[in-house]
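Inspection log for the structure reproduced underneath, given as structure tokens.
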Amino acid sequence: MTPSANTPATRRATRLGFFIAGFVMSCWAPLVPYAKANTGASEGELGLLLLCLGIGSLIAMPLTGWFSTRAGARPMILLGGLGLVLILPALAVVSLPVMLGGALLVFGAALGTIDVAVNVHAVEVERDSARPLMSGFHAMFSLGGVAGAGGMTFLLSSGLTPGHAALWCSALALITLILAAPGLLPAPAGEPAAFALPRGLVLILAGLAAVTFLVEGAILDWGALLILDRALAPAEQGGLGYMLFSVAMVLGRFSGDRVVALLGARRVLVCGGLLALAGFAVLLLSPLAVPAMAGFVLIGFGASNLVPVLFSLAGRQKAMPAGLAIAAVTTTGYAGILAGPAAIGALSQATSLSIAFWLLAVLVALVPLSARIVTR
């Protein structure tokens with residue numbers, strides 16, 4: 001029996017797809033020190049090797065969007081998920097830098113594939129539903145991230161070797177993928193869409209996605225240094241800001257579908273953007289630790305539903321096929337999260353880290369300013 005887009009099975013399969021992507025991606029983070037030790041790479045060499053992950057993602061994303069418009073998202077979700085399952089253990093045991101670079105390239109390609117494909121699938125499922133669903137789907141990605149990093153850390157702390165820990169996590173991801181497979185939608189009927197370059201509204205949505213992804217990347221890479229730079233907390237508590245941001249984002253996404261249904265996409269973009277702006281102001285202006293930390297919470301809540309709404313809008317626009325639009329938005333967003341933190345580093349060296357974060361707040365202001373245009 002062919003699954004319908006508007007059934008509990010397809011919604012559950014979509015949630016599991018998002019969970020797999022977030023879970024396996026975050027499993028890699030605790031393995032980084034072991035990979036560095038296994039290959040004997042220096043910090044500079046490791047930085048170059050990590051670029052392979054981003055390059056793999058950026059190559060795979062546009063291709064996935066095109067294939068998804070022709071063959072449906074289902075085979076691409078299964079291909080990307082299986083790629084993640086197979087390559088994760090290799091990341092834990094390879095011993096040569098060139099092997100690690102190749103493994104990361106494949107890992108990034110698999111991650112980019114499943115990331116675009118599950119969003120294409122989610123757009124189709126949401127389109128046939130009477131209510132918003134995208135925020136809840138993205139919440140499962142965030143939940144998978146918490147589970148993956150926490151689970152891998154627990155296994156390593158329990159005495160398992162990195163290879164065995166990665167095998168356990170891959171097995172869990174494979175079981176989840178098998179459970180999701182029956183509910184994934186088949187390819188849509190009709191003539192497959194031709195390839196088209198991003199244009200019009202899709203370019204605006206892609207730019208806004210890049211800004212929102214940049215916020216997350218900046219807080220991940222520079223939040224702790226900003227806390228230390230402003231003497232808000234000791235070094236051992238530097239990660240508190242990103243933790244608060246992440247918790248707020250997960251909570252905001254789990255409640256986001258109800259918020260979008262109540263307020264509509266335009267008001268969510270306006271209110272979310274303004275709330276994130278308020279968070280930056282509190283973080284950068286408050287001389288006291290507790291109010292400043294509350295700024296991370298405000299940014300997390302404000303940003304939590306911006307990307308899900310942007311993906312929904314990309315899937316509903318008529319300027320180009322939905323799969324290609326989703327790929328364009330995802331690719332540009334990843335470019336922002338990869339290149340943005342490096343740009344912030346260069347800017348902070350020329351001025352200061354606080355000024356760099358103020359300029360990031362200015363970019364966030366583009367979201368509420370563009371809300372009327374992108375939701376017209």
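Table: residues versus (1) within 16 Å of I326 (Cα to Cα); (2) modelled with pLDDT of 90 or more; (3) outside the structural domain of Y334 (by TED's automatic domain parsing).
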{"residue": "P62", "(1), (2), (3)": "yes, no, yes"}
{"residue": "A71", "(1), (2), (3)": "yes, no, yes"}
{"residue": "L84", "(1), (2), (3)": "no, yes, yes"}
{"residue": "V93", "(1), (2), (3)": "no, yes, yes"}
{"residue": "P97", "(1), (2), (3)": "no, yes, yes"}
{"residue": "I114", "(1), (2), (3)": "yes, yes, yes"}
{"residue": "R131", "(1), (2), (3)": "no, no, yes"}
{"residue": "G136", "(1), (2), (3)": "no, yes, yes"}
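Table: residues versus (1) under 16 Å from L174 (Cβ atoms); (2) not hydroxyl-bearing (S, T, Y).
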{"position": "A13", "(1), (2)": "yes, yes"}
{"position": "A21", "(1), (2)": "yes, yes"}
{"position": "V32", "(1), (2)": "no, yes"}
{"position": "S42", "(1), (2)": "no, no"}
{"position": "M76", "(1), (2)": "no, yes"}
- prompt: From the list S304, S370, S354, S348, which one is touching a Lys or Arg at 6+ places or on another chain (Cβ under 9 Å) and surrounded by fewer than 20 Cβ atoms within 10 Å (Cβ to Cβ)?
  reply: S354
query: Could you give every pair whose Cβ atoms fall below 7 Å, whose first residue belongs to region 281-293 and is within 14 Å of L359 (Cα to Cα), and whose second residue is among the polar types (S, T, N, Q) and part of a helix (DSSP H, G or I), counting only separations of at least 6 or pairs across chains?
result: L284/S354
- prompt: Can you find a residue in region 316-329 that is touching a Lys or Arg at 6+ places or on another chain (Cβ under 7 Å), of a type in the set (G, A, S) and surrounded by fewer than 24 Cβ atoms within 10 Å (Cβ to Cβ)?
  reply: yes
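Only one of L58, L91 is assigned to a helix (DSSP H, G or I) and within 30 Å of V260 (Cα to Cα). Can you tell me which?
L58
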task: Please state which of the following conditions S286 fails to meet, knowing it meets all the rest: (1) within 13 Å of L226 (Cβ to Cβ); (2) modelled with pLDDT of 90 or more.
output: (2)
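The values are calculated or read from the model by the stated rules, or taken from the named source; none is laboratory data. For clarity, every value in this text was computed on a predicted model and none was experimentally measured. FYI the Cβ positions are ideal-geometry reconstructions off the backbone, even for glycines, and counts take in every protein chain you see.
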